[in-house]
Amino acid sequence: MQKATVRFPAPPRIPPMRILLLLTLLFPPLSPARDVQDPSPLVDKLQQYVTRFNNDDEELYANIPNKDAFDFLEKNIPLFECPDPNFERTYYFRWWTYRKHVKKTVDGYVITEFLPKVSWSGKHNTISCPAAHHFYEGRWLHDAKFLDDYAVFWLKKGGSPRRYSFWIADAFYNRHLVTPDKKLLTTLLDDLILNYQAWEKSKRPDKTFLFTQIDDRDGMEVSIGGSGYRATINSYMYGDAVAIARIATMAGRSAVASEYRAKAKDIKQLVQTQLWDDKAQFFKVMNRDRKLADVREQHGFTPWYFNLPDKNKGYEAAWSQLMDPQGFHAPYGPTTAEQRHPRFQLSYKGHECQWNGPSWPLSTSITLTGLANVLNNYPQNVIGKEAYFDTLKIYTQSHQRKRDDGKVVPWIDENLNPKTGDWISRTRLKQWKEGTWSAGKGGKERGKDYNHSTYNDLIITGLVGLRPRADNVVEVNPLLPAGKWDFFCLDNVLYHGCKLTIIWDKTGQKYGRGQGLSLFADGQRIATAPALSRITAQLK
């Protein structure tokens, strides 16, 4: 028996434009703002971290209190995600602590180092020693007012910029590379020049030689190398001379620019000829008798923070000491002095802060910023991305303290035992006078939430690799070694007036925007690469 054939009527013909309209209604296209990952999951992650930090915190001191922390951070910070919970937690923890130091005063906003009042601070409890780090870290905040006010304070409203070494012009200029403000910079130019001239008068009595500095005024008391012609102060003055020259060029003051370029050139030549020890292959302290110290100290890496050393001259050999366990490498390091030296020590006697061995976040920040410059700007085969990642990972893991109840909580304090991770000054101060914690030295938990270093700037400009520039080109060169992480996302980055997102997605499955490295500006993809490599794009 023959089967009946069932015939369905042909579907009505729908014009192509109607099909397109129907698809658009069913599946609306992503708007430009959604051409990257929806930021709400990262905002939710920020909320979770803030809640956790608040719950674990003994809130002893507050400028912006914990109850307002999420609101402040949601409005102001780039958001970060990665597969390593230590990096991610520390990133948000450091923003959470930075927020505590944003202080509103009658002179506008300032950024503090210590939360409690300390006797060696200046007006509004400010201290110049870490102030450049405040600008490098805080330049990623969205609201420019905080650092605008802080910049004016140092030069016009009672700040004491020369109480400690402070690379102020360099800090202002590098902040400008993220949040351009020609008017503010050029308005402060004459004050920056006067500040530089005052340094020359007090710390460069021999105008044909280098600047001198007491190690304590570098914030590096009880150092092995001691006081004298130090790589720190001379690198800082080099950086400031370069920055003043650039700001003068912006202001159309060519004679000033030429004068300060000449000053920078002079310092560069003297640092390289006088402070470099050929035998030790390291920049060292020279005492006032003009003899080099017999010790390598971590601050010998400072010249690279400002790209001071000439390329292709062999100075990068110094970096072989960073990962050497007889040099500066340690489980909670790097150390502030080489460990092979007979005077290296980790003392719990005498001054509570000694820079003859303990690890110090301020110096670690300078070292890692300098290393990022080496890896980006210097042709060499001494050190690579692995060393940057491993040192940053050690630094990351040092951000903790085990409480008396056994719980491990995020923590940043003053000086660190590089062997055990103990916060030395905290241990010392607590032993001196239980309860009051030595009120004359700041009181209970003086060093808690200590704001004397960078961390997030190292993630943004180093690990993720957003390299601030004066032009309108966005440059990204991640220092994350191949094979370490399958993904990361840095979102909500305010840069040159645009919102940037940088995504690394090895498989393309995490964020659904394709495999590899992608750069977005205001939601539009502007550059991509299949692997972790340097990419650039022009902003509109």
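Would you say R217 is touching a helix residue (DSSP H, G or I) at 6+ places or on another chain (Cβ under 8 Å), among the charged types (D, E, K, R) and surrounded by 19 or more Cβ atoms within 10 Å (Cβ to Cβ)? For R217, the condition - touching a helix residue (DSSP H, G or I) at 6+ places or on another chain (Cβ under 8 Å), among the charged types (D, E, K, R) and surrounded by 19 or more Cβ atoms within 10 Å (Cβ to Cβ) - is not met.
Contact map, the range 95-113: residues that are in contact (Cβ under 8 Å) with a residue 12 or more places away in the chain paired with residues that are in a strand (DSSP E or B) and basic (K, R), Cβ distance under 9 Å, separation 6+ or inter-chain. Pairs shown: Y109/K103; V110/K103; V110/K104; I111/K103; T112/K103. Of all residues in the range 163-190, those that are under 22 Å from the mean Cα position of the chain (by Cα), without any contact (Cβ under 8 Å) to a residue 60 or more places away in the chain and part of a loop (DSSP other than H, G, I, E, B) total 2. Within the range 85-100, the set of residues being surrounded by 19 or more Cβ atoms within 10 Å (Cβ to Cβ) and under 16 Å from the mean Cα position of the chain (by Cα) comprises F87, T90, Y91, Y92, F93, R94, W95, W96, T97, Y98, R99.
Annotation note: of F146, F70, the sole residue that is over 26 Å from K201 (Cβ atoms), buried (at least 16 other Cβ atoms within 10 Å of the Cβ) and in contact with a Leu (Cβ under 9 Å, 6 or more places away or on another chain) is F70.
In the range 401-433, the residue that is nearest to N86 (Cα to Cα) out of those that are touching a residue at least 40 places away in the same chain (Cβ under 8 Å) and basic (K, R) is K407. For D471, state whether it is among the charged types (D, E, K, R) and in contact with a helix residue (DSSP H, G or I) (Cβ under 9 Å, 6 or more places away or on another chain). No: the conditions fail for D471. Take D491 and decide whether it is under 30 Å from A243 (Cα atoms) and over 20 Å from the mean Cα position of the chain (by Cα). Judged against the criteria, D491 is not a match. Whenever a residue of the range 194-214 is under 17 Å from Q274 (Cβ atoms), its partners that are aliphatic (A, V, I, L, M) and outside any loop (DSSP other than H, G, I, E, B), lying with C-beta atoms within less than 7 angstrom and at least six residues away or across chains, give the pairs K203/I233; F209/L270; L210/L270; F211/I233; F211/M237; Q213/I233. Looking across the range 323-344, the residues that are buried (at least 23 other Cβ atoms within 10 Å of the Cβ) and either among the basic types (K, R) or touching a residue at least 60 places away in the same chain (Cβ under 8 Å) (or both) come down to G333, P334, T335, T336, A337. When P410, P468 are screened for being farther than 25 Å from N55 by Cβ and at pLDDT 95 or above, only P468 passes.
When the criteria are applied in full, F328 meets the requirement of being out of contact with any Gly (no Cβ under 9 Å at 6 or more places or on another chain), closer than 24 Å to E414 by Cα, aromatic (F, W, Y) and at pLDDT 95 or above. Hey, could you check the range 433-488 for residues that are of a type in the set (A, V, I, L, M) and surrounded by fewer than 18 Cβ atoms within 10 Å (Cβ to Cβ) and say which is nearest to L368 (Cα to Cα)? For the range 433-488, the residue satisfying everything is A482. When you look at D181, is it among the acidic types (D, E) and touching a strand residue (DSSP E or B) at 6+ places or on another chain (Cβ under 7 Å), yes or no? The answer is no for D181. Looking at G350, G384, just one residue is surrounded by fewer than 24 Cβ atoms within 10 Å (Cβ to Cβ) and within 20 Å of D216 (Cα to Cα), and that residue is G350.
The values are calculated or read from the model by the stated rules, or taken from the named source; none is laboratory data. As the structure is a prediction and not an experimental result, all values here were calculated from the model. Virtual Cβ from ideal backbone geometry, glycine too; neighbours counted across all protein chains shown.
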